[in-house]
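Participant: Structure provided below as structure tokens; questions to follow.
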Amino acid sequence: MRYKGSGVVLRHQRQSLMVHDNDAKGSTATKDTLFGDEVYVADSMAVRARGFAISAERLKELRDKRLRDILSDGKGREDVAVLFGGLELTAFGTETVTQILQPPVEEEHSHGWREGEALAEAWLIDAEACEFPWPFNRDLRHPRASLPGPELVGFVCDTGGDRFAFAQVKTSKELRFPPSVVHHDKHGLVAQLTALHNDRSLKVCAVMYLGYRATTEQSWCGRYRTAAVRYFNSDAKVVSLFGVLVRDVAPAERDLAAAATNIANACCPDTRVALYGLYLPPDAIPAGPQHAARGKRKGSQS
């Protein structure tokens, strides 16, 4: 029996991007381009820090379509389905292929932070016109894995052209302001963004991560080459760093205010940094082990 593919893989859908007037300081996304309402501004010098509230209605829309597609990597599964096309398979083999092309069922330990990463990706695509061409789940070799390094690696465009964009994402239900995931000594948002800013080896790993995948057949190869030229010629300084905090508590400016100040005090002028707080309705983030007390967690936040 020749495998002809199946209808289990949805065609990748991406909402159209809005065109932003990006410059070295940041984008000028307008309110109608975003799926959240701005609730605070905590900018510090060149570092942007903004909070946005996302309504229950908008969150449901995102979960029903966009976040589901990001999490399942519909485009990638569709490509693999094409690869399997024409294989000589038994009925049992065809059933097995159909099963593996189904999106994975998210487990309790990871559902909250994976959805947080998907939400951050969608937000940066809209707010900053970023592109993240290689979904993180294509590199998983275990369903419970959490890859080290920045959660999102891709590109953003300013008046000088494309530059690399690296994003760290934190998801928290903690009733603290700011939550511990912002200022934790080693794994907090500030520490990780500062390390990305200062540690050239971390940036090299992110640049090479995309470089290994940027074959000439990839539609985004040209963007990679442009970003690489700017990165190399600036002594590894022309990059954009994003920090995204996802919460289901009342918005609070103090979640990001001190973080913006700390980062701004040591930020290189050529490296752009922007922080976003995305606030969901109460209890929107699934309760699970990743949000238990630190010593009791079976999994960890991203």
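No value in this document is a laboratory result; all are computed from the given coordinates. All of these numbers come straight from a predicted model, not from anything done at the bench. Reconstructed Cβ throughout: ideal geometry from the backbone, glycine too, with neighbour counts over all protein chains shown.
Participant: List, in the order given, every pair from 60/173; 170/203; 173/203 whose Cα-Cα distance in the structure shown is over 23 Å.
Facilitator: Going by Cα-Cα distance, 173/203 fall outside the 23 Å limit.
Participant: What ranking do 264-271, 227-234 get when scored by the average of other Cβ atoms within 10 Å per residue, highest first?
Facilitator: Averaged packing, sorted descending, gives the order 227-234, 264-271.
Participant: Quick check on packing: order 273-280, 246-253 by the mean number of other C-beta atoms within 10 Å, highest mean leading.
Facilitator: In descending order of packing, they fall as 273-280, 246-253.
Participant: Rank 212, 202, 191 by how far each Cα sits towards the positive end of the charge dipole of region 180-243 (+1 on Lys, Arg Cβ; -1 on Asp, Glu Cβ) and give me just the farthest.
Facilitator: In region 180-243, that residue is 212.
Participant: Moving to a separate point now. Sticking with the crude label model, points 7 Å out along Cα→Cβ, report the distance from residue 195 to residue 265 in nm, one decimal please.
Facilitator: So the label points at residue 195 and residue 265 sit 2.1 nm apart.
Participant: Using packing as a proxy for protection, rank 165-173, 72-80, 88-96, 199-207 so that the peptide with the highest average count of other Cβ atoms within 10 Å comes first.
Facilitator: 165-173, 72-80, 199-207, 88-96
Participant: So if the hydrodynamic radius of region 145-298 is defined as the Kirkwood radius over C-alpha pairs, what does Stokes-Einstein give as its diffusion coefficient at 37 °C and 0.692 mPa s, in µm² per second?
Facilitator: Result for D is 197 µm²/s.
Participant: So what's the projected area for region 183-231, the Cα convex hull averaged over all directions, in nm²?
Facilitator: Average projection, Cα convex hull of region 183-231: 4.0 nm².
Participant: Expressed in nm to one decimal, what extension gain is obtained for the pair residue 205 and residue 83 from 0.36 nm per residue of sequence separation less their Cα-Cα distance?
Facilitator: The span from residue 205 to residue 83 would gain 41.0 nm if fully extended.
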